[in-house]
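The values are calculated or read from the model by the stated rules, or taken from the named source; none is laboratory data. Nothing here was measured: the structure is a model prediction, and the numbers come from that model. Cβ sites come from the backbone with ideal geometry, for glycine too, and all protein chains shown count toward neighbours. Calculation scope for accessible area: heavy atoms of the full protein, side chains included, ligands and nucleic acids excluded. Shrake-Rupley method; radii C 1.70, N 1.55, O 1.52, S 1.80 Å.
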Amino acid sequence: MSITNLDHAGQQAPAAAQRPTVSVVKRDGRTLRFDDSRIGAALTKAFEAVHGELGAMHRRSIEQLVKRVDKELAERYIGEVKIYEIQSVVEHVLLEAREYEVAQAYIDYRVQRDFARSKATDLNHSIVKLLDKDSSVVNENANKDAEVFNTQRDLTAGTVGKAIGLRMLPAHVANAHQKGDIHYHDLDYHPYAPMTNCCLIDFESMLSKGFRIGNAQVDTPRSIGTATAQISQIIANVSSSQYGGCTVNRIDELLAPYAAMNFAKHEADALEWIEDPERQREFAKEKTRKDIYDAMQSLEYEINTLFTSNGQTPFTSLGFGLGTGWYEKEIQRAILQIRLRGLGSEGRTAIFPKLLFTIKEGLNRKAGDPNYDIKELAVECATKRMYPDVLNYDKIVEITGSFKAPMGCRSFLQGWEDEDGDDSVEGRMNLGVVTLNLPRIALESEGDPGVFWALLEERLATMHDALMYRVQRCTEASPGNAPILYVHGAFGKRLGPLDKVDTLFRGGRATVSLGYIGLYEVATAFYGAAWEGNPDAKQFTLSVLESLQSHAKEWTAESGYQVSVYSTPSESLTDRFCRLDKERFGSVADITDKDYYTNSFHYDVRKNPTPFEKLDFEAEYAPYTSGGFIHYCEYPVLQQNPKALEAVWDYSYDRVGYLGTNTPIDRCYACGFAGDFNPTARGFACPSCGNEDPRTCDVVKRTCGYLGNPQQRPMVHGRHTEISARVKHMSNDVRVPLSALD
Amino acid sequence: MPLTPIPRLWQAEKVSHSYVADYKPFSFVDGEGVRCSLYVAGCLFKCEGCFNERAWSFRLGEPYSDELGDRIMADLAHESVQGLSLLGGEPFLNTQVCLEVVSRLRAQFGRTKDVWCWTGYTFEELMADSDDKRALLGEVDVLCEGRFEESQKDLTLAFRGSRNQRVLNARESLATGVATLRTEG
């Protein structure tokens, strides 16, 4: 990829001699090449503020003014010029030209920007916003119920943490974050605390070797029920020591040895009380099956009732499906049966944990495979409860280098061998995410690809510094900051109090994520809204991701930390970036006018491809973003037609690694309706009786990689609009059969 | 109440103009699996509460063409498509179109793709009617049959709208001469 046309503004300049050859020292300390198109843009804004829509005369005036500023700067400065010096020249030129009102508007705008910049790091201002219940503060995360005390306490602490964190960041990173060029995620936790993001907890070693939480030393469990109880305690504790999600990888295989202990105990009882050896075995199996079911049901309830110090139900995922033994299969079956049954007497859809079912050729993919019956149950479960999402074994290995479930909702570790040369995934983690606002770069480029690539390069330099700062801050933790992670085994090693946590991060053991958003909008800026069928546009979007990937590789090599490219879930970022860009560029058709940016590389949610077309379209992108990706398809009600969903799963097997099902499963307990609730201005309402009371309805939508209950916990505006705009990937059929869920 | 068919009067050759009301490839709601759905135009039953009243007209949509047939065959060839669904309108009053499409399907795909058909006729009525109807019945795998009765409407039923309607294993029914319900799977 070549970076061409760095000096793009120079092309139209008639008198190149007047062009200042200085560098600009920005407020945040960066030194950039002088670019007079930024002055032109600022003047245009000021003219518009005074005159409204601009005519040709105004545009000529602006051109003249920019030339005068250039001339003045060229005469006065050699080498470096500070940004406020440029501003002062602009003001004088405006006054000399007797553009008093424009000068006033220009100065006002500058002052406002300076105020805004200062306010973000000013605690008092942030706290007033919190007290006013500003929705961008209280609804930022759909998994937090802003009504309850511990969420409020978390938001309060987060407000302080954020303000302090912004001051800790390198100035240019903080500035880029505040402007919306990039997003430094989870500022309420990090860098204020040197916290990590998400992980695959090493349950195997924790359960088999024992662990400590608080004052309690916990021994190896002697039954599956105790094992699942310990798992939920570990999840609660880990979730309070990091800010992202955690996953139990291959839980069926993890728990099988403990279920075998239940069987041994029941077998001993049977020998004592039953004569017939056949009956003894049947008795022990039946009792064990019941134990497995009860243990998995307890786990489901415990995870849903957990409340961490973050004021939220922890983002938890369970990966399963690869075990072939009797215990493993019983565990898999129980997980699905419990999910199918639902929570409580109403049988509500469980939002947590996310279920990740793995499909593998020869194991469970086709009729006749030994675990095919479990796959059929998984398909049924997905038609009724949306989860499980599907991991296609071979594709995950191909894209990420080894098999593992994602950490939290979609963050994938990359293949890595431990010091013994073994492929290892348990106990590894992600250190954090910074996301790049790609659509903004496209909007700033105004159709010039050369400008796009140059700006991308400039922003990636800031991304690099932001990511490296994230890593460095994480390494400043001491094992005592998070004993569950570093001392008691969740991160796979048991460190002493003086050991360096960095030993767990270096050399590819941990990842740090270069996130991005809005590939659809990027191509729309250059090729129009309906570009998906245009091979040039497709190639352009692929080369954008290829560029991110090659930078990530470069940074990995030079830093010794694995930088991975990540398709950010953007639960609230979809709103934030778009809102900031709408303020700056106005309402741009199919880009900012929608009020949301499209997640990652996803197909425009407003369009109507078949699931097959959507998968074919998206399949090419995921290999470039192996640090995190997911594909969804939107379906009509599928409860009567699991074979149709299975057809899509089967089609996906050789094409994509990670697939989620979005299908209407909303329920109204007031009138009995089951299907898709209609979006309203703020939430969702029963199409049959208009009910929108969360106590008497169950609305479940995909908010990011996780499901959410938008009726109970409202989402930010942009995410709500995006969900409302989603079109089912099927012919526009009006006859959706509504079937009872039970 | 829907009308009762009159065997010698209700003949495709007399009423059909070989019109197709709609064609929907990759449907998730017309039978089992992912299907290509052909909605032929024209029906005489006029069931109260019909989901597709517009298609009572024998002139809705476009005349069936070889190009449409080509497109249907191309869509059916997709690895994820389980088969063809014939709906309407009334497929058994448009046997010219339906027999043409089904025979192309059998020639190209044999029994690897299945055929589902929705009709207002009962299996017994079809057996007692004209040759073209029995010929089409002979090519159908699953027959969703009987008039839609508003009074027996039940939206929780799979692949049918009212409780009097039946989902039959058409091949077994034809072989035994007795309407045989389809078993799941």
* To do: For residue B:22, indicate whether it is within 16 Å of the chain's Cα centre (by Cα) and open to solvent by 40 Å² or more (accessible area, probe 1.4 Å).
  => yes
* To do: Kindly indicate whether residue B:77 is within 14 Å of another protein chain (Cβ to nearest Cβ), open to solvent by less than 10 Å² (accessible area, probe 1.4 Å) and without any contact (Cβ under 8 Å) to a residue 40 or more places away in the chain.
  => no
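Take the residues of segment A:279-326 that are among the hydroxyl-bearing types (Ser, Thr, Tyr) and touching a Cys at 6+ places or on another chain (Cβ under 9 Å): which is farthest from residue A:241 (Cα to Cα)?
Filtering segment A:279-326 for residues among the hydroxyl-bearing types (Ser, Thr, Tyr) gives A:288, A:293, A:298, A:301, A:305, A:308-309, A:313, A:316-317, A:324.
With the extra rule that they be touching a Cys at 6+ places or on another chain (Cβ under 9 Å), the set shrinks to A:316-317.
On the way: A:316: 14, A:317: 17 Å.
Only one residue tops the list, namely A:317.
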* Output the residues belonging to segment B:155-170 that are of a type outside the set (Phe, Trp, Tyr) and open to solvent by less than 60 Å² (accessible area, probe 1.4 Å). => B:157, B:158, B:161, B:162, B:164, B:165, B:167, B:168, B:169, B:170
* Structure fact -> Counting only residues in segment A:647-660 that are more than 8 Å from chain B (Cβ to nearest Cβ), farther than 19 Å from residue A:413 by Cβ and over 17 Å from the mean Cα position of the chain (by Cα), the one surrounded by the fewest Cβ atoms within 10 Å (Cβ to Cβ) is identified as A:654
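How many residues, within segment A:386-404, are in contact with a helix residue (DSSP H, G or I) (Cβ under 9 Å, 6 or more places away or on another chain) and either open to solvent by 10 Å² or more (accessible area, probe 1.4 Å) or farther than 12 Å from residue A:656 by Cβ (or both)?
Count: 8.
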* Structure fact -> residue A:632 vs (1) more than 23 Å from the chain's Cα centre (by Cα); (2) over 21 Å from residue A:534 (Cα atoms); (3) of a type in the set (Phe, Trp, Tyr): all pass except (1)
* **So residue A:607, is it open to solvent by 10 Å² or more (accessible area, probe 1.4 Å), over 17 Å from the mean Cα position of the chain (by Cα), among the basic types (Lys, Arg) and closer than 29 Å to residue A:343 by Cα** => no
* To do: May I ask you to list pairs of residues, at least six apart or on different chains, whose Cβ atoms are under 8 Å apart, with the first in segment A:353-374 being open to solvent by 60 Å² or more (accessible area, probe 1.4 Å) and the second being in a loop (DSSP other than H, G, I, E, B) and not aliphatic (A, V, I, L, M)?
  => A:360/A:321; A:361/A:653; A:370/A:324; A:370/A:364
* **Criterion: open to solvent by 10 Å² or more (accessible area, probe 1.4 Å) and in a loop (DSSP other than H, G, I, E, B) - qualifying residue of A:346, A:328** => A:346
* To do: Select from segment B:80-94 the residues that are away from every other protein chain (no Cβ under 14 Å), farther than 13 Å from residue B:41 by Cβ and either open to solvent by 10 Å² or more (accessible area, probe 1.4 Å) or touching a residue at least 60 places away in the same chain (Cβ under 8 Å) (or both) and list them in ascending order.
  => B:92
* **Test: residue B:159 is among the aromatic types (Phe, Trp, Tyr) and within 14 Å of chain A (Cβ to nearest Cβ)** => yes
* Could you tell me whether any residue of segment A:268-276 is farther than 20 Å from residue A:334 by Cα, in a loop (DSSP other than H, G, I, E, B) and either out of contact with any Phe, Trp or Tyr (no Cβ under 7 Å at 6 or more places or on another chain) or open to solvent by less than 40 Å² (accessible area, probe 1.4 Å) (or both)? => yes
* Structure fact -> Exactly one of A:564, A:570, A:600 is under 26 Å from residue A:315 (Cβ atoms), at pLDDT below 95 and either of a type in the set (Gly, Ala, Ser) or not in a helix (DSSP H, G or I) (or both), and that one is A:570
* Asked: Looking at (1) on the phi > 0 side of the Ramachandran plot; (2) touching a residue at least 60 places away in the same chain (Cβ under 8 Å), can you tell me which one residue A:117 breaks?
  -> (1)
* Asked: Restricting attention to segment B:42-65, does a residue exist that is more than 11 Å from chain A (Cβ to nearest Cβ), in contact with a Lys or Arg (Cβ under 9 Å, 6 or more places away or on another chain), open to solvent by 10 Å² or more (accessible area, probe 1.4 Å) and within 28 Å of residue B:111 (Cα to Cα)?
  -> no
* Asked: Hey, among the residues in segment B:15-41 that are away from chain A (no Cβ under 14 Å) and not small (Gly, Ala, Ser), which one's nearest to residue B:140 (Cα to Cα)?
  -> B:40
* To do: Report yes if some residue within segment B:2-9 is within 12 Å of another protein chain (Cβ to nearest Cβ), open to solvent by 30 Å² or more (accessible area, probe 1.4 Å) and not in a strand (DSSP E or B); otherwise report no.
  => no
* Run residue A:672 past the list (1) open to solvent by 40 Å² or more (accessible area, probe 1.4 Å); (2) more than 12 Å from chain B (Cβ to nearest Cβ); (3) of a type outside the set (D, E, K, R) and report the number of the one that doesn't hold. => (2)
* Has segment A:490-509 got at least one residue that is modelled with pLDDT of 95 or more and under 18 Å from residue A:625 (Cβ atoms)? -> yes
* Pair list, Cβ under 8 Å, 6 or more apart: segment A:24-52 residue within 15 Å of residue A:80 (Cα to Cα), other residue of a type in the set (Phe, Trp, Tyr) and surrounded by 16 or more Cβ atoms within 10 Å (Cβ to Cβ) -> A:24/A:34
* To do: Quick one: in segment A:173-204, of everything that is open to solvent by 10 Å² or more (accessible area, probe 1.4 Å) and polar (S, T, N, Q), which residue is nearest to residue A:120 (Cα to Cα)?
  => A:178
* Asked: For residue B:12, all conditions in the list (1) within 11 Å of another protein chain (Cβ to nearest Cβ); (2) at pLDDT below 95 hold save one; what is the number of the exception?
  -> (1)
* Pick out, from segment A:133-246, the helices (runs of 4 or more DSSP H) lying fully within it that include 3 or more residues that are under 21 Å from residue A:715 (Cβ atoms) and of a type outside the set (Val, Ile, Thr). => A:149-168
* For residue A:295, state whether it is under 17 Å from residue A:225 (Cα atoms), free of Cβ contacts under 8 Å to residues at least 40 places away in the same chain and surrounded by 17 or more Cβ atoms within 10 Å (Cβ to Cβ). => no
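Tell me yes or no: at least one residue of segment A:610-630 is under 27 Å from residue A:346 (Cα atoms), of a type in the set (Asp, Glu) and more than 13 Å from chain B (Cβ to nearest Cβ).
no
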* Candidates B:124, B:150, filtered to the one that is surrounded by fewer than 23 Cβ atoms within 10 Å (Cβ to Cβ) and at pLDDT below 95 -> B:150
